[in-house]
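**Student:** This is the structure I have questions about; it appears just below.
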Amino acid sequence: MNINFTLISQAMAFAIFIWFTVRFVWPPLMRAIENRQKSIADGLAAGERGRNELELASHRSADVVREAKHRATDIITQAEKRAAEIVEEAKAAARDEGDRIIVGAKAEVEQEVFRARETLRQQVADLALAGATKILRREVDAKAHADLLASIKAEL
Amino acid sequence: MASGAELTPTSYMAHHLTNLTGSVGEGAFWTLHIDTLVMSLLIGIVSFGFLWWVVRGATSGVPSKRQAFVELAIEFIDGQVKSTFHGDRHAFVAPAALTVFVWVFMMNAVDFLPIDIMAAVYELLGLHNWRSVPTADVNTTFALALSVWLLMIFFNVKVKGLGGWIHELVCTPFGKNPLLWPVNILFNLVEYVSKPLSHSLRLYGNIYAGEIIFLLLGMWAATGLAGTVFGTLLGAGWAIFHILIVTLQAFIFMMLTVVYLSMAHESH
């Protein structure tokens, strides 16, 4: 156990090895390890985010489906209402049309009746006049009593 | 073992416990344990070269098994440092702890190599005296402990300022009262002396003792058949137990380094 120059040489070697480790060994490996830790943490975070997004999307899709159902119900209700309206309108129009046809028909019938009555009266007047003429042929001068005859004919 | 001289227990022990020395100047201090230096440099270059090679190809994607192993070691040390040191550990303390742990562990682990076979190998290379385990040389452990000690003082001054550090030396742990100053200074002096001593001698003692026990078992194995059988069995048992000691001592050395450095960062 004798202390000698070996001590100093060993201390120098030690210093060089420490310098080497501090400079060349430690930092690159620590960098690699830290990068890996970071990428693992990133991956885990991304997975978590993905899971959250999936949950959000499923919520959203459920909302969309509910909304669509709601709107479909609305549309069906409106359509039924519209159909009922159309039926009502059609009924009303048909009733109006029918009424109008009936009115027209009645007016025509009345006209026909009026015309028939007119014709009948004409014929009755003519008949009466012809009868009267036959009865009065001798006494009545057609020329002298023409205006009288005309006035009778008008009254008939 | 392959020395030409007559083999006695003393010469056997001496052979295994003598360093290959070189001289770099006049005087006893200026000798250099070439074996210690070369082995520790070799081990350091191989260990940190391996780490560097793995780290250079490191990917932040799926790691290879090799990279996963290195990451395991580094994250283990990083976790230990994190629980002790509260500051920017990546700047210096954690990599320094990694250096200490890897280097000390690998140097200790050379103790697993069977000493006599290794001695024969070194003999083939023309190296008669060659101690394999750098941490069984007190110079290595003192070099590490004193480097940590200097770093401790450096960080004390850097974090607290020179005045702050001197104030801490004078006024802690007992109080600010001037009557207590001498006691505080004495206390801190003892602490600053004992830290590197216990730090280095703990590691040195454990590894050196481990080596001695391997040598003793090797000597026992040379005494006859019974000695060989028991020497082998106990040698295997000791080697297995030594796995624990080698790892534990490297870990303790690293933890003390981290603790000393973090104490230097914190005011009391």
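**Student:** Going residue by residue through region B:158-181, is there one that turns out to be within 14 Å of chain A (Cβ to nearest Cβ) and either basic (Lys, Arg) or closer than 27 Å to residue B:36 by Cα (or both)?
**Tutor:** No, region B:158-181 contains no residue that is within 14 Å of chain A (Cβ to nearest Cβ) and either basic (Lys, Arg) or closer than 27 Å to residue B:36 by Cα (or both).
**Student:** In this structure, does residue B:140 turn out to be buried (at least 18 other Cβ atoms within 10 Å of the Cβ) and at the interface with chain A (Cβ under 8 Å from one of its Cβ atoms)?
**Tutor:** In short, yes.
**Student:** Before we move on, is residue B:148 in contact (Cβ under 8 Å) with a residue 60 or more places away in the chain, surrounded by fewer than 18 Cβ atoms within 10 Å (Cβ to Cβ), in contact with a helix residue (DSSP H, G or I) (Cβ under 6 Å, 6 or more places away or on another chain) and assigned to a helix (DSSP H, G or I)?
**Tutor:** no
**Student:** Restricting attention to region B:20-44, and to residues there that are more than 8 Å from chain A (Cβ to nearest Cβ) and assigned to a loop (DSSP other than H, G, I, E, B), which single residue is surrounded by the most Cβ atoms within 10 Å (Cβ to Cβ)?
**Tutor:** Per the criteria, the residue is B:20.
**Student:** Another question about this same structure. Could you list, in sequence order, the residues of region B:63-72 that are facing chain A (nearest Cβ under 10 Å) and hydrophobic (A, V, I, L, M, F, W, C)?
**Tutor:** B:70
**Student:** Kindly indicate whether residue B:139 is closer than 23 Å to residue A:10 by Cβ, outside any helix (DSSP H, G or I) and of a type outside the set (D, E, K, R).
**Tutor:** When the stated conditions are applied, residue B:139 does not pass them.
**Student:** Would you call residue A:64 over 30 Å from residue B:93 (Cα atoms), away from chain B (no Cβ under 14 Å) and within 43 Å of the chain's Cα centre (by Cα)?
**Tutor:** Criteria met by residue A:64.
**Student:** Also, quick follow-up: Which number in (1) charged (D, E, K, R); (2) assigned to a helix (DSSP H, G or I); (3) loosely packed, with under 10 Cβ neighbours inside 10 Å marks the one condition that residue A:143 misses?
**Tutor:** (2)
Read-outs: derived from the displayed coordinates by stated rules, not from any lab. For clarity, every value in this text was computed on a predicted model and none was experimentally measured. Every residue, glycine among them, receives a Cβ derived from its backbone with ideal geometry; neighbour counts consider all protein chains shown.
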